[in-house]
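Report on one structure; see the data block that follows.
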Amino acid sequence: MSDLKKRTEMTFRPAQLTFLPIIISTVVAPVAVAQDMFSYIDITTLQMTTAEMTREEVVAVLAASGDKPADLSGRRLSGLNLSGIDFKGASLRAAFLNNADLSGAGLDGAILDQIWALKSNFSGASLRNAGLFSAQMRGANLDGADLTGARITADLTNARLIAATLTGAYLGADMRNQSMGLMRAVLTSAKLDRAKLDKTDLTRVNLEFASLKGADLSGANLSRAQLAGADLTGARIAGADFADADVASAKLIGLQGVNEAKNFDRMRNLNRAFRD
């Protein structure tokens with residue numbers, strides 16, 4: 001396991017392992033594993049692909065909660081059409097939402113920590129100030145979603161966030177609390193074209209090969225971010241901090257506000273980036 005720890009960057013805590021034994025076919029030590037975890041998990045099981053409730057039953061639970069936040073923690077809701085439903089403030093911690101349709105849903109302030117939402121549809125949904133700690137959201141669609149002020153340390157590899165709003169969101173690594181390894185958002189090969197990332201915390205975030213064409217990064221903190229191979233063509237970067245960000249093979253073409261950016265000349269591998 002020591003070798004495994006060395007070659008993985010961890011994005012979720014052992015608490016998640018309380019529900020993982022159902023779907024892990026290989027015995028692993030109680031250590032958080034992160035991106036490599038998919039090597040140990042069968043995502044085709046009933047636990048990952050089926051629902052234990054209907055849309056109507058979900059709505060009933062929300063209605064019955066009254067003034068208190070509804071609790072749908074750990075529920076299997078994969079594949080359900082939950083579009084347009086108001087989940088404001090609800091707890092869906094560790095819920096299974098793979099391939100679910102939550103387009104246009106209201107998830108403001110919702111607790112979505114440790115959810116499984118592989119290839120789910122959150123397009124146009126409102127997730128303002130939502131918690132997405134250690135969420136597994138590879139291939140999810142968040143086009144046009146509003147994640148203003150959200151706390152996101154999720155795996156969003158290959159996800160779509162075109163024209164999404166992440167103003168003031170927190171995706172970066174909190175280096176005061178990294179006892180279990182580097183926990184931050186992973187957006188490898190994600191689509192963030194025209195996304196609003198102004199004043200967003202992107203410290204140490206993995207944005208390798210991500211598309212950020214026309215994105216608004218004004219005032220964002222990208223210090224030590226991994227931007228190798230990323231496409232920032234036409235991005236607005238006034239006030240953005242790029243200290244020690246790795247831009248090897250990144251496209252830094254047509255950038256707006258370069259003179260107002262911070263530490264632009266302190267980026268790593270700037271000489272290996274594509275510039276106009």
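Less than 5 angstrom separates the built amide H of ALA235 from those of GLY214, ALA215, GLN256, all sequence-distant by 5 or more or on a different chain. Coupling constants for the range 67-77 follow from the phi torsions by the Karplus curve (6.51 cos²θ - 1.76 cosθ + 1.60, θ = phi - 60°), and in residue order they are 7, 8, x, 5, 10, 10, 4, x, 6, 8, 10 Hz; glycine and proline get x.
In this structure the amide hydrogen of ARG76, modeled in the peptide plane, comes within under 5 Å of the amide hydrogens of GLU52, PHE96, none closer than 5 places in sequence on its chain. Each Lys or Arg adds one and each Asp or Glu subtracts one; over the other residues with Cβ under 13 Å from the Cβ of ALA140, this totals +1.
Counting neighbouring beta carbons within 10 Å and listing from fewest to most, the residues ASP216, ASP244 come out as ASP244, ASP216.
Peptides 58-71, 158-171 ordered by packing proxy, namely the average of other Cβ atoms within 10 Å per residue, highest first: 158-171, 58-71.
Annotation: amide H-H contacts under 5 Å for ALA240 (H modelled 1.01 Å from N, sequence separation of 5 or more, or interchain): GLY219, ALA220, LYS262.
Read-outs: derived from the displayed coordinates by stated rules, not from any lab. What you are looking at is a predicted structure, and each value in this text was computed from that prediction instead of being measured. When we count neighbours, we look across all protein chains shown, and the Cβ atoms used for this are built from the backbone with ideal geometry, even at glycine.
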